[in-house]
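Q: My structure is below; once you've seen it, I'll send some questions.
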Amino acid sequence: MSGARKVHIRSFGCQMNVYDSHRMADTLAGEGYAETAAAGDADLIILNTCHIREKAAEKVYSELGRMRRLKEAAARDGRRIVVAVAGCVAQAEGAEIIRRAPTVDLVVGSQSFQRLPALLARVERGDAVVDTEFPVEGKFGALKAPSPQATRARGVSAFVTVQEGCDKFCTFCVVPYTRGAELSRPAAEIVAEVARLAEAGVREVTLIGQNVNAYHGVGPGGAPWTLGRLLHRVAEVPGIARLRYTTSHPGDMEASLIAAHRDLAGLMPHLHLPVQSGSDRILAAMNRRHTRAQYLRTIERLRQARPDMAFSSDFIVGFPAESEQDFGATLSLIDEVGFAGAYSFKYSARPGTPAAELDQQVAEDVKSERLQRLQRAIDRQQAAFNARCLGRSFEVLFERTGRYPGQIVGRSPYLQPVQVPGSAASIGEIGTVTITELSANSLFGSLVGKPGAPGSERGPLAGERPRRRDPMPAEPGG
Ligand code: SAM
Ligand code: SF4
């Protein structure tokens, strides 16, 4: 394919999909496609989809109705728009998507989108194409790297997928079926990708994976590396000032990873560590492979390694047979940990997963009521955590200009958006900010110095031994 064609990519769901969408755009850039934000102007529209809960999957079909209307309008002007469905709904539903939505020309699963150029060539010949294979060739090696301009346009904080898939088989979850078995990228490939990003101006990297701390990619010497070891190596890449990783399984928080929180100043003191439930009975039925006590012990060890550590989590309410007592155990775990934020969901039965077959599904109104109570508890902790930031100083990486002239927005070590008066020239810099005001979703402050200048601290909780039941600084969820 050649010429200035346009592609519009819309990502649903998790950060892994955002990363995949970028890599699709990079691969298509090599085929002459430029990205456009306007779906109606595009020659190719890709919906990169999420299958994790029923609502997420159904959203795709309502979006496809809109795509059909755009496609018909373009056809009246003599233009063709190709509509592709990629990602986890594509993987799970395959040809069924085209049956339900004949406007779709191409269905490409989450493991085969490196084949997009060849698949599009088949669509051009007039075929409706479905590819949901798990090919043996390496996906990441086959994808094109972003240009420095594309990297700069995506900002100073970037995601890098280091691991994909999952072997845990939690009984509620579709990921092992849609993303396949755990696969870790070789360490050298990841380090080279981070170095390229840093050369284009990226200052913060978040290593991502469905189960990122199960990372066991091959190191340069041929032996597998842990995520702890990989973080040490990535921290050495010139220009990279901050590191994060997500999403972690509590059962894979091994010693070298916990030690990395003690030893790497650039590893941010904020961890998203999903627990799902505080009841051992429900954790066992979910096949989570850890108990409540083991989770609490892991939190304790992380706080010992880095006292200013803050946590966020994921919760599912209304898993089959969850009693009021089980739910009470979840609320008491929240109270015991003191979270900075959390994502919480009503259990959604997913076809093909073991939990969907269980008796004693919980009634919808009970789920809704429990979700509200849980969210109120988390909101209180998050607000208390933010309130503790008032008057404190910490380092902020400036990422973009604000809504108002003369304002820039960055992220605290705890992922909170922080707004300060400042110039666009500071984007990509890290400055010390004193927090002077709070709103529901943001902190406001003033720049008091560059890192290392007087007044700079390691974080809002530097030097403190956080008390239990005392919420720590915050994230809006993971
Ligand atoms: N691998 C991560 C872990 O083990 O915690 C989570 C990955 S999953 C993409 C993100 C979150 O979606 C989960 O932590 C869980 O809370 C939620 N989730 C997954 N399946 C669900 C379901 N069937 N119903 C409701 N929430 C679900
Ligand atoms: Fe899903 Fe996470 Fe469990 Fe894997 S560990 S099955 S991704 S919830």
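Q: Do we have residue 391 as farther than 28 Å from residue 155 by Cβ, touching a Ser or Thr at 6+ places or on another chain (Cβ under 9 Å) and more than 16 Å from ligand 1 (Cβ to nearest atom) here?
A: Answer is yes for this residue.
Q: Any residue in the stretch 229-249 that is more than 18 Å from residue 431 (Cα to Cα) sitting within a Cβ distance under 9 Å of a residue that is charged (D, E, K, R)? List the pairs, counting only those 6 or more apart or interchain.
A: 232/263; 238/199; 244/204; 247/314; 249/168; 249/288; 249/289
Q: Restricting to the stretch 126-176, name every residue that is more than 24 Å from residue 55 (Cα to Cα) and either in contact with a Cys (Cβ under 6 Å, 6 or more places away or on another chain) or within 16 Å of ligand 2 (Cβ to nearest atom) (or both).
A: Within the stretch 126-176, 161, 162, 163, 167 meet the criteria.
Q: I've got another one for you. So residue 316 ticks every box in (1) crowded, with 22+ Cβ neighbours inside 10 Å; (2) away from ligand 2 (no atom under 16 Å from the Cβ); (3) under 22 Å from the mean Cα position of the chain (by Cα) but one. Which box is left unticked?
A: If we test residue 316 against (1) crowded, with 22+ Cβ neighbours inside 10 Å; (2) away from ligand 2 (no atom under 16 Å from the Cβ); (3) under 22 Å from the mean Cα position of the chain (by Cα), just (2) comes out false.
Q: OK, next. Can you spot a residue in the stretch 361-374 that is within 25 Å of the chain's Cα centre (by Cα), touching a residue at least 24 places away in the same chain (Cβ under 8 Å) and within 23 Å of residue 243 (Cβ to Cβ)?
A: Looking through the stretch 361-374, none of the residues is within 25 Å of the chain's Cα centre (by Cα), touching a residue at least 24 places away in the same chain (Cβ under 8 Å) and within 23 Å of residue 243 (Cβ to Cβ).
Q: For residue 362, indicate whether it is in a loop (DSSP other than H, G, I, E, B) and either surrounded by 12 or more Cβ atoms within 10 Å (Cβ to Cβ) or in contact with a strand residue (DSSP E or B) (Cβ under 6 Å, 6 or more places away or on another chain) (or both).
A: Spelling it out, residue 362 is indeed in a loop (DSSP other than H, G, I, E, B) and either surrounded by 12 or more Cβ atoms within 10 Å (Cβ to Cβ) or in contact with a strand residue (DSSP E or B) (Cβ under 6 Å, 6 or more places away or on another chain) (or both).
Q: Can you pull out the residues in the stretch 293-305 that are of a type in the set (Val, Ile, Thr) and within 16 Å of ligand 2 (Cβ to nearest atom)?
A: 298
Q: Evaluate the stretch 249-263: report whether one residue or more is within 16 Å of ligand 1 (Cβ to nearest atom), among the charged types (D, E, K, R) and under 19 Å from residue 15 (Cβ atoms).
A: yes
Q: Here's another thing I want to ask about it. Test residue 289 against the criterion of being more than 21 Å from residue 346 (Cβ to Cβ) and in contact (Cβ under 8 Å) with a residue 60 or more places away in the chain, and give yes or no.
A: Judged against the criteria, residue 289 is a match.
Q: Within the stretch 1-56, take every residue that is surrounded by 18 or more Cβ atoms within 10 Å (Cβ to Cβ) and among the polar types (S, T, N, Q) and give me the one that is farthest from residue 355 (Cα to Cα).
A: 27
Q: Criterion first (of a type in the set (Asp, Glu) and either within 15 Å of ligand 2 (Cβ to nearest atom) or closer than 28 Å to residue 383 by Cβ (or both)) does residue 308 satisfy it?
A: The answer is yes for residue 308.
Q: Is it the case that residue 189 is surrounded by 17 or more Cβ atoms within 10 Å (Cβ to Cβ) and in contact (Cβ under 8 Å) with a residue 12 or more places away in the chain?
A: Taking the combined requirement at face value, the residue does not satisfy it.
Q: In contact with a Lys or Arg (Cβ under 8 Å, 6 or more places away or on another chain), more than 15 Å from ligand 1 (Cβ to nearest atom) and part of a helix (DSSP H, G or I) - does that describe any residue in the stretch 304-313?
A: Yes, that holds for at least one residue.
Here, each number is a calculation from the coordinates, and none is a lab measurement. Since we're looking at a predicted model, the values are computed, not measured. Don't worry about glycine lacking a Cβ; one is built from the backbone with ideal geometry, like all the others, and counts go over all protein chains shown.
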